[in-house]
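Worksheet: one structure, shown below.
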Amino acid sequence: MTDPKKPSRSVSSQDLRFNIETERETDGRWIAEISDMPGVLAYGKTEAEAKAKAYALALRVIADDVEKSKDVPASISVTCQSA
């Protein structure tokens, strides 16, 4: 039996997808950029590290925008339940 005061763990949501472009610099570092989000770029020793850093930065930018009462991107589904 499910506790009616607790939110369901099976909440359906949409995928949040980023198009991350990578390139290797002449000094060997990798740069990853999300061109749909100005200023979201990150360097890494490996391509995977650069991608992970760019992804984390994109999430921080979205969180900051939401916190400042901007609109939640349409690609994010938010479900709220009251006790």
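Going by the structure shown, is Lys45 of a type in the set (Lys, Arg) and modelled with pLDDT of 95 or more?
In short, yes.
Mind listing just one residue for me: the one in segment 15-39 that is surrounded by 14 or more Cβ atoms within 10 Å (Cβ to Cβ) and under 16 Å from Ala58 (Cβ atoms) and, of those, modelled with the lowest pLDDT?
Applying the filter and picking the extreme gives Phe18.
Give segment 40-72 a look and list any residue that's surrounded by fewer than 17 Cβ atoms within 10 Å (Cβ to Cβ), in contact (Cβ under 8 Å) with a residue 12 or more places away in the chain and farther than 17 Å from Leu16 by Cβ, or say none.
Those that are surrounded by fewer than 17 Cβ atoms within 10 Å (Cβ to Cβ), in contact (Cβ under 8 Å) with a residue 12 or more places away in the chain and farther than 17 Å from Leu16 by Cβ: Tyr43, Lys45, Thr46, Glu47, Glu49.
How about segment 28-71: which of its residues are in contact with a Lys or Arg (Cβ under 7 Å, 6 or more places away or on another chain) and of a type in the set (Phe, Trp, Tyr)?
Listed by number, the residues that qualify are Trp30, Tyr43.
The values are calculated or read from the model by the stated rules, or taken from the named source; none is laboratory data. The shown structure was predicted, so the numbers you read here are calculated from the model rather than taken from an experiment. Positions of Cβ are generated from backbone atoms using ideal geometry, with glycine treated the same way; all protein chains shown enter the neighbour counts.
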